[in-house]
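A quick write-up on the structure given underneath.
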Amino acid sequence: MTNKPRDNVSNLSSVLQRSDAVAATHSGSFHADDVLAAATLRLANPSLPILRTRDQEQLNAADIVFDVGRVFDPATCRFDHHQLEYKEVRDNGIPYSSFGLIWRELGAQLCESAAAAARIDRWLVQGVDAMDCGITLSRETLPVTLMSISTVIGGFNPGWQDVTSAETRNEAFERAVSLAIAVLQNTIRDANGFEKARAAVAQGVLLEAGRLLVLEHDVPWKEAVLGSPEYERVLYVISPDAQGRWHVSTVPDHAGSFGNRKPLPSAWAGLDGEELDAVIGMKGCVFCHRGRFVAGHKTKDGAMEMARLAIAQPPAI
């Protein structure tokens, strides 16, 4: 994570180990930052009570306070970001909200990997923090409103037309926290998977003068392939899928692109089964996507032959 050095040392992990620890946040409407901060705390201590209040005496008595209280002091487990003197900002200019502050303390511990925790900060935490702090991440104005994790979590709040009480609002908060815990658990799993995938890609075999990479496992390979000079010549990657078939995938021309270094042959586009067999001149073909970025065969050897045929075909003019 791109964290700036801090003068005070957090006591959060040790406090969360106590069976009698109590956390507190604000009552009333909740947002993605306080819900996800609560979810992060619950991942570290599933039995942690979280009191929702604005009563200062109750906040003072709590062991952990987040998103309320106007104090940022990790040494006393105070994690608010609303006070004028607050200055916790990432190197890229995105401030930390309560979610970011809690994740900065616990992320590496929960992921058992600093790299995975940093990835989740980029994937999830920074977007939530930016929205909560009023930071625009894109200069483009979309003609439609897109839902985000922040709006999904905010939707757990009772509507203006609902008859509510403090109890029903607290129940809604707990439902939102349960969702957020599942989101964080899935994201931690995926982030750790991306880090481990690099090792799996490194075990792959380069063939056809470096233009074909054969993997024995279905892993997210694009980041590793696009980020290494070792794979700069790779046009196609072969890997198995969950059904035991083998895919021939094109390599994008750059990260996030729908273009690729070399599309699969145009004659294959949109065909499957026997139709594709007839065009290619081999048995066992499964499909070729109409976008020509992935094709499949029933066997590894068949997928390798498809890739070799695609490599040998001259580029489209």
Confirm whether residue 47 is modelled with pLDDT under 95 and either not assigned by TED's automatic domain parsing to the domain that holds residue 175 or not hydrophobic (A, V, I, L, M, F, W, C) (or both). no
Pull up segment 89-99, narrow it to residues that are in contact (Cβ under 8 Å) with a residue 60 or more places away in the chain, not hydroxyl-bearing (Ser, Thr, Tyr) and not in a strand (DSSP E or B), then point me to the one that is surrounded by the most Cβ atoms within 10 Å (Cβ to Cβ). 99
Applying the selection to segment 134-168, what residues are within 22 Å of residue 184 (Cβ to Cβ) and at pLDDT 75 or above? 135, 148, 149, 150, 151, 152, 153, 154, 155, 156, 157
Restricting attention to segment 109-120, does a residue exist that is closer than 20 Å to residue 152 by Cβ, at pLDDT below 95 and either assigned by TED's automatic domain parsing to the domain that holds residue 149 or of a type outside the set (Val, Ile, Thr) (or both)? yes
Sole exception among (1) free of Cβ contacts under 8 Å to residues at least 24 places away in the same chain; (2) in a helix (DSSP H, G or I) for residue 86, by number: (2)
Given 259, 270, which one is without any contact (Cβ under 8 Å) to a residue 12 or more places away in the chain and small (Gly, Ala, Ser)? 259
Considering only segment 243-280, how many residues are loosely packed, with under 12 Cβ neighbours inside 10 Å and under 13 Å from residue 297 (Cα atoms)? 4
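The values are calculated or read from the model by the stated rules, or taken from the named source; none is laboratory data. Small disclaimer: the values here were computed from a predicted structure and weren't measured. As a convention, Cβ positions derive from the backbone with ideal geometry for all residues, glycine included, and neighbour counts pool all protein chains shown.
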